[in-house]
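Encoded as structure tokens, the structure appears first; notes follow it.
Any read-out appearing in this document is the output of simple, stated calculations on the displayed coordinates, not a laboratory observation. Quick caveat: nothing in here was measured; it's all calculated off a predicted structure. All Cβ positions, even for glycine, are placed from backbone atoms using ideal geometry, and neighbour counts span all protein chains on display.
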Amino acid sequence: MVPLSWYILLSAVMFSIGVFGFLSRRNLILIFLSLELMLNSVNISLVAFSHYLQSMRGQILVFFIITVAAAEAAIGLAILIAFYRNNPTIKVDEINLMKG
Amino acid sequence: MLKYILIPLLPLIAFIINILFGRNFIKDKAHWIAVPAVACSFILALSAFMNVASGNVININVYNWIVSGTFTVTIGFLIDQLTAIMLIVVTSISTLIFIYSIGYMHGDKGYYRFFSYLSLFVFSMLILVMANNFLLLYFGWEAVGLCSYFLIGFWYEKKSAANAGKKAFIVNRFGDFGFGLGVILVFLTYGSLEYTQVFSDAGSIAGQTINIFGSDVDLITLICLLLFCGAVGKSAQMPLHVWLPDAMEGPTPVSALIHAATMVTAGVFLVARCNPLFSLSHTAMNTVAIVGGVTSIFAASIGLVQNDIKRVIAYSTVSQLGYMFLALGVGAYSAGIFHLYTHAYFKALLFLGSGSVIHALGNEQNMQKMGGLKKYMPVTYAVFVIATLSITGIPGLSGFFSKDEILWRAYSSGELGKVLWLLGTIVALMTAFYSWRLIFLTFHGKFRGTHEQEHHLHESPKVITVPLMFLAFGAIFAGYAGIPPLILEHGDKIGEFLGPVLGHPHGEGSHLEEIMVMMTSVLVAVGGWYGAYIMYVKKPDMPLEAVSKFTPLYNLLFNKYYVDEIYDKVFVKPTLKMSDKVVLGFFDVKIIEGIVNGVPNLVGAFSKKFREIQTGMLSNYGLVMALGALCIIGYVIFLK
């Protein structure tokens, strides 16, 4: 039996890697991947708690998160492609149209 | 009751029709609406007069205008003896002048406008005299001022006319401000604005004082002086007389109707109407008398040397108004109203006569360029002579009766009265001199105008001369309403008629003194004529010699004692300067524009700094978000 803390630890490590990737990467695709990583780390902890507490609520929530993540990835990639057609770049430090 | 309400309503209806449909539909037929309206008003006024003469006093409330707590103001009409006389004066002269205007204003492009304003004026004036409370009186008072402004500036393309209109309006503001305060004070004191209530309670506040700026002032004196302020403005008394001579820029019928016969006498009417208040204050009465006396001699002396025919008559009007106030001030209210009534006829006649002259000469107003008009304009000349005989007080014409009544009442009213009588007699001398000077310069001698003008000289058409004849009739016979008891027992019909409202003046003096006063006034009238005759007919070089001999005096009089110049230096220039420097230069530019431009500038400056936070770098936003999340988590874990 794997104790709960291991799952939590895995989740925390994954989340931290996701945050780090989100902040340090310049490539938009990689930023998306980091985002997915963060979402899935949350999913792991939710499932772990769900099992630990013997309650289905956490797992139901996970389904929602997966759905939202899928939708978000689809929209995000669509925006990415639309943007790439106008500006042939996907490096975030070159995407600064919103600069005040 | 309806017929009394119709008296002011008919001119109002004429005004509304003419102003709405005049420009496009009625055009040069405007008189078909205006003249019948005032003529009907005149007939209704006559019937009201008959009713009053049979002993009734009409007091009707038509409509509750303002109801607020205990403060109630109605639109209501009071027709007593005083109002009845005023109604006759206003409507009869209006009717004649309306008819005269058909000829005088013929072909003017503002023809319909002229008749609509004139109708509005008659409406306002009738409201003024018929009101049964102070607020409605105030309404009429301001409305006649407004019409006066419209009509002085009737030819608004002419800058001098537009300026004269403004001057009249602004100068009247000063007087009306005092009048407004007076009305408020009447309400605060008596709790009502109705004449009947105020006048019946008048005596109840005798001796009360009111604290103003730390000093105690007699309440009733204060009320009277404030009301008198309005009268001074409207009736062009010193020191607010400056607007009336300039008002002559308006068309001549306006000068005759508004600035001689009716509106300017509103001040006299006001003081007479408020006689129960004025009689309680000795100070106020003396002020009225002195202002009147000083104004009359002041204006008469200016009239001696003016060359503009209408200005001479204008100064004569100011001077005669001073006479009326003199009479009111010595307590002879009915004598003042009597003079108002006779003066209306002969002064309207003088103005309309001068209008006829100006019309014939193609808008020439300078008497030095007239002369010898007698043979070209016999009717105008005849009525002019009648009016002049009347104003100078030659026995047998109206002016004599009213003028003599005033002088006698002044003489018999005590110490101050004697001085005022002396002033009045000197004024009578001056009046005779300048009135005859006007006639001699205009109608006698050789024509001094251009050849072309001489070619066009002609008597005015019937529509102009017939009203003149009617007025001449009034100028002769109006005075027979008040024959002094000395000549005919119970001859002073008008004094007895007005008695219930204005009371009977009481003076001391023997018959001998009365005869002496009368003789003196006749003597100065003839003396004035003789002086003018010598100077302007016998020895026409004499005026020039006199001018070169008394140059400083002549200049002083010719420039109207420099009052306009002084006002210009003391009031007008500093006001303009202050407006320019303080109001425009400081308040407008610095404060108003400072606020208007300052707020957006401030927001702009702030946002310029703050928007630099928006780097547009996705990772920066992410970092801030992560740090924020960390902070919240840290707070939840460690501090809670």
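Okay, here's what the table says:
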item	result
Across B:Lys158/B:Lys234; B:Lys446/B:Lys538; B:Lys375/B:Lys446; B:Lys167/B:Lys560; B:Lys27/B:Lys166, pairs whose alpha-carbon gap is larger than 21 Å	B:Lys158/B:Lys234; B:Lys27/B:Lys166
Per-residue HN-Hα couplings for the range B:609-623 [Karplus 6.51, -1.76, 1.60; θ = phi - 60°; Hz; x = Gly/Pro]	5, 5, 6, 5, 4, 6, 7, x, 8, 4, 5, 4, 4, x, 4
Karplus-derived HN-Hα couplings along the range B:349-356 (A = 6.51, B = -1.76, C = 1.60, θ = phi - 60°), whole Hz, x at Gly and Pro	5, 4, 5, 5, x, 5, x, 4
Average partner coverage of B:623-635, which counts Cβ from other chains inside 10 Å	1
Amide H within-cut-off set for B:Thr209, under 5 Å, with H built and near neighbours excluded	B:Leu219
Over the range B:290-369, relative contact order from alpha-carbon pairs under 8 Å, at least 6 apart, %	33 percent
Distant-in-sequence amide H partners of B:Gly393 (H built 1.01 Å from N, under 5 Å)	B:Phe400
Among A:Asn86, A:Ser34, A:Trp6 the positive-end extreme of the charge dipole of chain A (Cβ point charges)	A:Asn86
Long-range amide H partners of B:Asn59 with built H, under 5 Å	B:Ile79
Most positive-pole-ward Cα, B:Gly107, B:Leu118, B:Val57, against dipole of the range B:1-123 from beta carbon charges	B:Gly107
Tilt relative to chain A, helix A:57-86 - C-alpha long axis, 0 to 90 degrees, to 10	10 degrees
The protein assembly as shown - mean residue ellipticity at 222 nm from DSSP helices (-39,500 (n - 2.57) per run, n ≥ 4, rounded to 500)	-22500 deg cm²/dmol
For chain A: relative contact order, % (alpha-carbon pairs under 8 angstrom, 6 or more apart)	27 percent
Order of B:Phe325, B:Phe174, A:Phe64, B:Phe550 - criterion: other Cβ atoms within 10 Å of each residue's Cβ, fewest first	A:Phe64, B:Phe550, B:Phe174, B:Phe325
Neighbourhood net charge (14 Å Cβ-Cβ; Lys/Arg +1, Asp/Glu -1) for B:Tyr323	+1
Relative contact order of chain B, pairs being alpha-carbon contacts under 8 Å that are 6 or more residues apart, as %	11 percent
Phi to ³J(HN,Hα) by Karplus 6.51 cos²θ - 1.76 cosθ + 1.60 over the range B:551-565, Hz, x for Gly, Pro	3, x, 5, 4, 4, 4, 6, 4, 8, 6, 6, 6, 5, 4, 5
Highest average packing first - B:200-210, B:260-270, Cβ atoms within 10 Å	B:260-270, B:200-210
Mean-position separation - Cα centroids, the range B:183-203 and the range B:423-450, in angstrom	46 Å
